[in-house]
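Right, one structure below, let's go through it.
The values are calculated or read from the model by the stated rules, or taken from the named source; none is laboratory data. Source: prediction; values computed, not measured. We place every Cβ from the backbone using ideal geometry, glycine too, and count neighbours over all the protein chains shown.
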Amino acid sequence: MIDGLMERLGVPTTAYRQGSHAVFTPIDGSRIGAVALQGKAEVEDRISQAHEAFLSWRDVPAPRRGELVRQFAEILREHKADLGELVSVEAGKITQEGLGEVQEMIDICDFAVGLSRQLYGLTIASERPGHHMRETWHPLGVVGVISAFNFPVAVWAWNTALALVCGNAVVWKPSEKTPLTALACQALLDRTLARFGDAPQGLAQLLLGDREAGEAMVDDRRVALVSATGSTRMGREVGPRVAARFGRSLLELGGNNAMILAPSADLDLAVRGILFAAVGTAGQRCTTLRRLIVHRSIKDDVVARVKAAYGKVRIGDPRENNLVGPLIDQQSFQAMQDALVQARDEGGQVFGGERQLQAQYPNAYYVSPALVEMPSQSAVVRHETFAPILYVIAYDDFEQALRMNNEVPQGLSSCIFTTDIREAERFQSASGSDCGIANVNIGTSGAEIGGAFGGEKETGGGRESGSDAWRAYMRRQTNTVNYSRELPLAQGIVFD
């Protein structure tokens, strides 16, 4: 199975069979490969190659750089089915989510191609006669990308498509849990580079490594921007280390996302939104719905509806038309069980959360989604557990609901289901949700690439993907030109 996929995606057998780092599929826990991990010397070599490539790539016209990304999108279209299946096998995503992730790669490439002709600056009115001012944007340098297992290909594509059209080189360190999809993506990009013809060697590098390799990349002064996706704990280490050398970091960290469910809401619509947002990717999305803040008058009805919906969820092999696949590994399963124990200790009533299919898959970790009614937002509710746990808390008035939405350390995604326009508009106002994403009558997950993606507080403050997120990958320069024969100074200063 794996051999056929990897061959069609252009990955040689030696790249995923002859290493010392074993790779397992969460579907049944079996070993599907073994890759070689790189150390500090290899990190140094890859960054050196990327830096040299940047020095010439930055002078290539942006529309020509966009043509490389356009060709990559075409190759992705050709191999969407195989790459999507590989995502399912290695990350445990259901087929539709695996294919959707590859489509997200294609979408961001299309976005970046258009952007390659729109890297606009400004013309600025000068206060001095015979002068004009403008603002221009220039390539930044080497972009280091650190990605997580739950979106093993899309997040890399977000960064790489934008970085390349902006004139940068890329070095990518994927999660050690999902190196095969990284090898496949790199093989497809290498094929694109060969077809493109005139891109510098080393423009896009893959780095398979552990924590030591990641630290080496984070500390290297030639890496102008480190874009890191992962836990808040990881961000607390990466951010200060990059800042210490005056580099830039783009951090996409934890989420603890809430839905406010108002008494005026369309409950049929809301339950559908809850189901996808809470159990999609087995709760292993940074945008997963983790807190349901529901008006007390409808709480019992909503809980009954959600329990009924959970009871119909198909759990199993993600390639076999099921809705929920496995957790990534035993560590994730244990973290979920520990959280449920803590929730009970803090007064919660737990529904679901048990291990499933253990007899069939003794080395894999399937679980039923958990619904936990909590008396308040206690410590366990304020902490993000990367698993399908949905905490339900009642509220009495809208101001209380807003406070509860905001009273967690994380600030990624949020939503409200209501038909009250005042509530909807307040939720999206300056005094409403404090998250980077605030939706109305749609769940917390499933963001489109056209909007900038990211969050506030312990989510890190970074923005990737659409809108003007491209600016993170460039440096800004203000230019003043004197076309007169005088030398007037700003602010009317006379210096004779």
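Kindly check whether there is at least one residue in the stretch 311-323 that is in a helix (DSSP H, G or I), outside the structural domain of Leu86 (by TED's automatic domain parsing) and within 19 Å of Gly273 (Cβ to Cβ).
Let us first name the residues in the stretch 311-323 that are in a helix (DSSP H, G or I), namely 311.
Narrowing the set further to residues that are outside the structural domain of Leu86 (by TED's automatic domain parsing) leaves 311.
If we keep only those that are within 19 Å of Gly273 (Cβ to Cβ) as well, we get 311.
Yes.
If you scan the stretch 465-496, which residues turn out to be in contact with a Lys or Arg (Cβ under 8 Å, 6 or more places away or on another chain), within 29 Å of Val142 (Cβ to Cβ) and either modelled with pLDDT under 90 or loosely packed, with under 14 Cβ neighbours inside 10 Å (or both)?
Thr478, Asn479, listed by residue number.
Given (1) of a type outside the set (Val, Ile, Thr); (2) part of a helix (DSSP H, G or I); (3) out of contact with any Gly (no Cβ under 9 Å at 6 or more places or on another chain), where does Met217 come up short, assuming only one miss?
So Met217 meets the others, but not (3).
From the list Leu275, Leu208, which residue is assigned by TED's automatic domain parsing to the domain that holds Gln400, buried (at least 21 other Cβ atoms within 10 Å of the Cβ) and touching a helix residue (DSSP H, G or I) at 6+ places or on another chain (Cβ under 6 Å)? Full working, then the answer.
Numbers: Leu208 fails: assigned by TED's automatic domain parsing to the domain that holds Gln400.
Just one listed residue meets the conditions, Leu275.
How do the helices (runs of 4 or more DSSP H) wholly within the stretch 61-164 filter down when requiring 2 or more residues that are assigned by TED's automatic domain parsing to the domain that holds Leu207 and among the polar types (S, T, N, Q): which remain? Break it down stepwise before answering.
Values: elements: 62-78, 80-91, 95-115.
Correct list: 95-115.
Kindly establish whether Val238 is buried (at least 17 other Cβ atoms within 10 Å of the Cβ), more than 13 Å from Gly443 (Cα to Cα), in contact (Cβ under 8 Å) with a residue 40 or more places away in the chain and β-branched (Val, Ile, Thr).
Criteria met by Val238.
Looking at the stretch 128-141, can you tell me whether even one residue there is touching a residue at least 60 places away in the same chain (Cβ under 8 Å) and at positive phi? Spell out how you get there, then give the answer.
Quick first cut of the stretch 128-141, residues touching a residue at least 60 places away in the same chain (Cβ under 8 Å) only: 128-141.
Right, trim to at positive phi and you get 130, 141.
Yes, the stretch 128-141 contains at least one residue that is touching a residue at least 60 places away in the same chain (Cβ under 8 Å) and at positive phi.
If you check Arg46 against the conditions, is it surrounded by 19 or more Cβ atoms within 10 Å (Cβ to Cβ) and basic (Lys, Arg)? Before the answer, list the steps.
On the way: surrounded by 19 or more Cβ atoms within 10 Å (Cβ to Cβ): yes; basic (Lys, Arg): yes.
The answer is yes for Arg46.
Any idea which of Arg285, Arg211, Arg221 is modelled with pLDDT under 95 and under 25 Å from the mean Cα position of the chain (by Cα)? Steps first, please.
Details: Arg285 fails: modelled with pLDDT under 95; Arg221 fails: modelled with pLDDT under 95.
Arg211 is the lone residue from the list that is modelled with pLDDT under 95 and under 25 Å from the mean Cα position of the chain (by Cα).
What are the pairs with Cβ atoms under 8 angstrom where one residue, in the stretch 255-270, is of a type in the set (Asp, Glu) and the other, located anywhere, is at pLDDT 95 or above? Sequence gap at least six, or different chains.
As it stands, the answer is Asp266/Phe417; Asp266/Thr419; Asp266/Asn441, since those pairs meet every condition given.
The rows are residues; the columns are (1) under 18 Å from Pro139 (Cβ atoms); (2) touching a Pro at 6+ places or on another chain (Cβ under 7 Å).
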{"site": "Thr181", "(1), (2)": "no, yes"}
{"site": "Gln186", "(1), (2)": "no, no"}
{"site": "Arg191", "(1), (2)": "no, no"}
{"site": "Phe196", "(1), (2)": "yes, no"}
{"site": "Ala199", "(1), (2)": "yes, no"}
{"site": "Gln205", "(1), (2)": "yes, no"}
{"site": "Leu208", "(1), (2)": "no, yes"}
{"site": "Ala213", "(1), (2)": "no, no"}
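I'd like to verify a number: residues in the stretch 6-41 that are in contact with a strand residue (DSSP E or B) (Cβ under 6 Å, 6 or more places away or on another chain), of a type outside the set (A, V, I, L, M) and over 22 Å from Asp82 (Cβ atoms), how many?
So the answer is 2.
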